[in-house]
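One structure is given below, encoded as structure tokens.
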Amino acid sequence: MRIQNPTATGRVLLLTTTLLALLTAAVAAQASPSNKWRLQFSGGANSDGTIVLLISPEGGTPIEASIAIKDGAGENSVAAAVVKGLKAQLPKDHFKVERDDGEDVLIKKKRGAPDFDVTIVSIDVKGVRISPEHE
């Protein structure tokens, strides 16, 4: 089979290469461990559901934390449930978890613990939004 239009093939190859480079850059940008994270919660729960977070210490084993949220919980109650769930599921000698400003959750590494990344794996609670930020 002969390629009749090498220019079109060249464009497809260039486009594919460019998209792959952008995807690689996006993945690298997401992986940016920090010593402290702020999770800002907004909106109240309009359904029962679960928030699943992945806490990934540098050089360590990622920890998946699942937190059940009840329908009708306001953003402060959602944040409180996340604090309670993370405190129960994360190693106490590596992390400190607390609420700030009512609707924010701070996750901090303890002295000697590695920096870590936080990823929102899933959230099926209607009405609740989470904005993770480095501190």
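The values are calculated or read from the model by the stated rules, or taken from the named source; none is laboratory data. Computed from a predicted model, the values in this text were never measured in an experiment. Positions of Cβ are backbone-derived with ideal geometry, glycine not excepted, and every protein chain shown enters the neighbour counts.
Modelled with pLDDT of 95 or more and in contact with a strand residue (DSSP E or B) (Cβ under 8 Å, 6 or more places away or on another chain), is that true of Lys87?
So Lys87 fits the description; yes.
Does Val82 fit the bill of being buried (at least 19 other Cβ atoms within 10 Å of the Cβ), assigned to a helix (DSSP H, G or I) and touching a residue at least 40 places away in the same chain (Cβ under 8 Å)?
Numbers: buried (at least 19 other Cβ atoms within 10 Å of the Cβ): yes; assigned to a helix (DSSP H, G or I): yes; touching a residue at least 40 places away in the same chain (Cβ under 8 Å): yes.
In short, yes.
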>> Let me spell it out: the conditions are (1) loosely packed, with under 14 Cβ neighbours inside 10 Å; (2) part of a loop (DSSP other than H, G, I, E, B), and Ser131 meets all of them except one. Which number is the exception?
In response: (2)
> Which one is surrounded by the fewest Cβ atoms within 10 Å (Cβ to Cβ) among residues in segment 54-79 that are assigned to a helix (DSSP H, G or I) and among the hydrophobic types (A, V, I, L, M, F, W, C)?
Replying inline: Ala79
